[in-house]
Amino acid sequence: MAEGFTNRWWQAALAALILVLTLDSPKLIEFSYFVLLVLYHVEKLPAWVTAMEQQAMDLLATMRNANASVDDRANLIAELKSNIKHQHVPDAAVAPSFEVVRTAIASQHSSLLSAGFSTLSHLTKRLNLQEQPHLIASQGPKTYPLLLEKLGDQKDRVRLLAAQAFTDFWFACPQDVERNIRDVALAGKHPRAKEASLQWLLKVMDHIFDNPRLLRLTFCRCIKSKVYNSEPFYQK
């Protein structure tokens with residue numbers, strides 16, 4: 001929004017408010033305050049959206065910079081996570097934020113890996129709160145291979161974090177997650193990945209039966225049938 005345009009809006013709004021105050025009408029005064037509040041947020045929104053998108057893009061560049069210290073990268077990830085927790089995530093910031101998360105999770109440094117998983121959790125929760133599960137689903141194909149790899153990690157903690165990440169995705173796109181668990185993790189030859197997948201399956205089943213509205217996701221079908229066939233877990 002151009003500065004001159006914004007200033008004219010504010011001048012007109014203030015003039016209208018002064019006029020309304022002279023009319024001594026409580027309802028009109030309340031409405032005027034509401035208009036001022038809306039104008040304030042409209043003025044701030046473009047800069048705010050640009051700032052979050054730019055923050056994610058700058059952080060991604062830092063994550064890919066071999067000369068950047070691990071502590072600096074971890075601190076910047078923490079800042080992004082804090083903003084995601086407390087602010088609306090604009091559409092333009094979603095892709096670079098997910099790329100930051102994937103870069104962190106793929107890191108060999110435990111501090112970056114932990115920060116990446118934590119940020120991923122908050123990012124998926126925020127997008128679900130914003131009722132934008134399609135944005136989560138759109139990032140799945142780029143994220144699932146990395147999570148599947150971490151399901152077979154030698155460290156128990158990493159496998160648990162990967163399983164939790166799959167759960168976070170599952171709330172947005174259950175069919176895609178179930179397909180990856182069934183066709184890749186359970187059908188693979190990695191024993192740790194298989195074990196982690198079965199534990200994930202049991203955890204999700206517990207959640208389903210604790211929430212009747214999710215009973216349409218009939219995981220019992222998976223238990224009764226072969227996990228290697230092509231029949232989907234998800235039943236409408």
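The values are calculated or read from the model by the stated rules, or taken from the named source; none is laboratory data. Since we're looking at a predicted model, the values are computed, not measured. We place every Cβ from the backbone using ideal geometry, glycine too, and count neighbours over all the protein chains shown.
List of remarks:
- Of the set (1) closer than 18 Å to MET57 by Cβ; (2) assigned to a helix (DSSP H, G or I), all apply to PHE117 but (1).
- Taking region 91-106 as the range and being surrounded by fewer than 18 Cβ atoms within 10 Å (Cβ to Cβ) and either polar (S, T, N, Q) or more than 21 Å from TYR144 (Cβ to Cβ) (or both) as the test, the residues that pass are ASP91, ALA92.
- Count of region 49-74 residues which are more than 13 Å from VAL100 (Cα to Cα), at pLDDT 90 or above and either in a helix (DSSP H, G or I) or in contact with a Gly (Cβ under 7 Å, 6 or more places away or on another chain) (or both): 3
- Among the conditions (1) within 27 Å of LEU80 (Cβ to Cβ); (2) at pLDDT below 90, ALA162 misses just one, which is (2).
- Selected residue (only one of LYS27, LYS85, LYS81 is of a type in the set (Lys, Arg), at pLDDT below 90 and assigned to a helix (DSSP H, G or I)): LYS27
- Selection from region 126-159 of residues that are exposed (fewer than 14 other Cβ atoms within 10 Å of the Cβ) and outside any loop (DSSP other than H, G, I, E, B): LEU129, HIS134, PRO141, LYS142, PRO145, ASP156, ARG157
- The combined condition, being among the charged types (D, E, K, R) and not in a helix (DSSP H, G or I), is not fulfilled by GLU99.
- Residue in region 176-194 that is touching a residue at least 40 places away in the same chain (Cβ under 8 Å), surrounded by fewer than 20 Cβ atoms within 10 Å (Cβ to Cβ) and in contact with a Phe, Trp or Tyr (Cβ under 6 Å, 6 or more places away or on another chain) present: yes
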